[in-house]
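Below is one structure, written out as structure tokens; comments come after it.
The values are calculated or read from the model by the stated rules, or taken from the named source; none is laboratory data. Source: prediction; values computed, not measured. Cβ: placed from backbone, ideal geometry, glycine included. Neighbour counts: every protein chain shown.
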Amino acid sequence: MTSEPISSSCVPTPGAPFPGGPRLLADVGGTNARFALEMSAGEIGHIHVLACAAHASLADALRAYLALPDVAQVVALAGGAIRHGAIAIANPVNGDLVRMTNHHWQFSIDALRTECGFAVLEVVNDFTALASSLPFLSDAQKRQVGGGEAKAGAPIGLIGAGTGLGVSGLIPGKDGRWTALLSEGGHVSFSPVNPQEMAILAHAWTEFEHVSAERFMSGVGIELIYRGLCQYRGVQAEAIAVPEIVGRALADECALCAETVETFCRMLGTVAGNLGVTLGALGGIYIGGGIVPRLGARFDSSGFRARFEQKGRFSTYLSQIPTYVITAEYPAFVGVAAILAEKLAAK
């Protein structure tokens with residue numbers, strides 16, 4: 001497992017405009033690409049969300065963002081180009097070539113830098129960027145679910161279900177520095193804990209040779225849980241997608257949809273608990289991604305926390321670890337900005 005260092009000295013705090021001009025920040029997922037400009041340290045604005053499917057490549061999406069009227073005006077005032085940028089992407093970043101696993105985009109980092117006119121372009125895993133933001137989230141940007149109290153200076157874990165399942169963590173070091181882990185922990189094999197989950201897993205094996213945690217802990221994973229539960233209950237599955245499953249569950253219109261969402265929350269508790277004991281994450285486990293925040297109070301009242309602590313002899317250990325839902329709207333921008341600041345400071 002490789003890692004990316006981030007220093008607390010690079011935490012964005014408001015200040016004078018950057019001498020090198022505004023910095024481009026991006027958070028690219030399998031469904032949407034989010035772009036922003038950082039005008040000065042901590043001043044992040046001009047945020048726009050572009051659908052990945054609407055653009056043939058990341059370069060096309062980036063150019064479309066830079067051509068938006070409010071952004072183009074800033075670029076013109078900056079001399080016609082943005083020189084420094086950082087992109088967080090939902091994909092492993094190992095070397096120059098990036099091929100997205102949840103979308104068809106692929107690109108050379110160096111070629112993208114040259115094509116779009118950057119002097120410096122950092123590309124990192126999206127959960128590395130999100131992890132780098134965690135020590136700096138305010139109380140208003142997170143919500144605790146269950147008990148536990150964070151231990152200062154202890155490792156921190158991060159998971160997030162959306163298009164896929166992201167996993168990362170922070171390991172404390174010297175001089176206030178943290179090491180953000182470049183992890184692909186969403187692809188560990190799924191572990192059922194009861195006969196119902198064993199039946200859902202057996203159904204998933206009819207569709208996939210290998211069933212990872214991500215197969216269930218994602219948008220399409222909720223649909224897979226629903227189909228598995230229908231088979232387990234002996235009822236005919238409807239051809240419904242995740243928005244309708246979640247919508248019916250939250251409106252209490254469908255018992256099977258409600259059971260699907262509850263099963264998802266409990267499974268996520270297992271995955272989060274596994275991460276807690278693996279990292280020794282006494283600093284807390286943070287939950288990001290697009291799904292859990294949308295569940296709101298339903299997630300808080302679910303069996304997530306009970307399942308998180310359900311580790312036999314290690315239940316007491318896990319009961320000490322707090323779990324937080326990230327409520328900040330664009331936390332990855334904070335993390336990727338800090339990574340870029342670290343890169344430029346080293347030059």
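Yes or no, residue by residue, for (1) aromatic (Phe, Trp, Tyr); (2) at pLDDT below 95; (3) within 13 Å of the chain's Cα centre (by Cα); (4) not assigned by TED's automatic domain parsing to the domain that holds Ser168:
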site	(1), (2), (3), (4)
Gly284	no, no, no, no
Ile287	no, no, yes, no
Gly296	no, yes, no, no
Glu309	no, no, no, no
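Just one residue in the set Leu181, Leu165 is assigned by TED's automatic domain parsing to the domain that holds Arg266, closer than 23 Å to Tyr324 by Cα, out of contact with any Asp or Glu (no Cβ under 6 Å at 6 or more places or on another chain) and surrounded by 19 or more Cβ atoms within 10 Å (Cβ to Cβ); that residue is Leu181.
The listed residues are Asp175, Asp126, and the only one of them that is in the same structural domain as Ala64 (by TED's automatic domain parsing) and in contact with a strand residue (DSSP E or B) (Cβ under 8 Å, 6 or more places away or on another chain) turns out to be Asp126. Restricting Arg305, Arg294, Arg298 to those that are in contact with a helix residue (DSSP H, G or I) (Cβ under 8 Å, 6 or more places away or on another chain), within 20 Å of Ala150 (Cβ to Cβ), in a helix (DSSP H, G or I) and of a type in the set (D, E, K, R) reduces the list to Arg305.
Of all the residues in segment 78-98, those that are in contact with a Pro (Cβ under 9 Å, 6 or more places away or on another chain) and more than 16 Å from Arg113 (Cα to Cα) number 1.
Quick one: is Thr101 within 24 Å of Ala341 (Cβ to Cβ) and either over 26 Å from the mean Cα position of the chain (by Cα) or among the β-branched types (Val, Ile, Thr) (or both)? No, not satisfied. So is Thr260 of a type in the set (S, T, N, Q), without any contact (Cβ under 8 Å) to a residue 40 or more places away in the chain, touching a Leu at 6+ places or on another chain (Cβ under 8 Å) and in the same structural domain as Gly146 (by TED's automatic domain parsing) or not? It is true that Thr260 is of a type in the set (S, T, N, Q), without any contact (Cβ under 8 Å) to a residue 40 or more places away in the chain, touching a Leu at 6+ places or on another chain (Cβ under 8 Å) and in the same structural domain as Gly146 (by TED's automatic domain parsing). Checking every residue in segment 260-278 against the condition of being modelled with pLDDT of 95 or more and out of contact with any helix residue (DSSP H, G or I) (no Cβ under 9 Å at 6 or more places or on another chain) gives zero matches. Taking Ser315, is it among the hydroxyl-bearing types (Ser, Thr, Tyr), over 26 Å from Glu122 (Cα atoms), surrounded by fewer than 16 Cβ atoms within 10 Å (Cβ to Cβ) and in contact (Cβ under 8 Å) with a residue 12 or more places away in the chain? Spelling it out, it is not the case that Ser315 is among the hydroxyl-bearing types (Ser, Thr, Tyr), over 26 Å from Glu122 (Cα atoms), surrounded by fewer than 16 Cβ atoms within 10 Å (Cβ to Cβ) and in contact (Cβ under 8 Å) with a residue 12 or more places away in the chain.
Of all residues in segment 260-278, those that are surrounded by fewer than 18 Cβ atoms within 10 Å (Cβ to Cβ) and over 19 Å from Glu214 (Cβ atoms) total 1. Would it be correct to say that Thr260 is β-branched (Val, Ile, Thr) and under 21 Å from Arg298 (Cα atoms)? Yes; evaluated as a whole, the condition is true for this residue. Filtering segment 30-43 to residues that are closer than 20 Å to Pro92 by Cβ and either buried (at least 24 other Cβ atoms within 10 Å of the Cβ) or in contact with a strand residue (DSSP E or B) (Cβ under 6 Å, 6 or more places away or on another chain) (or both) leaves Asn32, Ala33, Arg34. Restricting Ile321, Ile326, Ile291 to those that are buried (at least 24 other Cβ atoms within 10 Å of the Cβ) and either touching a Lys or Arg at 6+ places or on another chain (Cβ under 7 Å) or over 24 Å from Gly164 (Cα atoms) (or both) reduces the list to Ile321. Please work out if Arg294 is more than 22 Å from Ala202 (Cβ to Cβ), of a type outside the set (Phe, Trp, Tyr) and touching a residue at least 12 places away in the same chain (Cβ under 8 Å). Considered against the rule, which asks whether it is more than 22 Å from Ala202 (Cβ to Cβ), of a type outside the set (Phe, Trp, Tyr) and touching a residue at least 12 places away in the same chain (Cβ under 8 Å), Arg294 comes out as yes.
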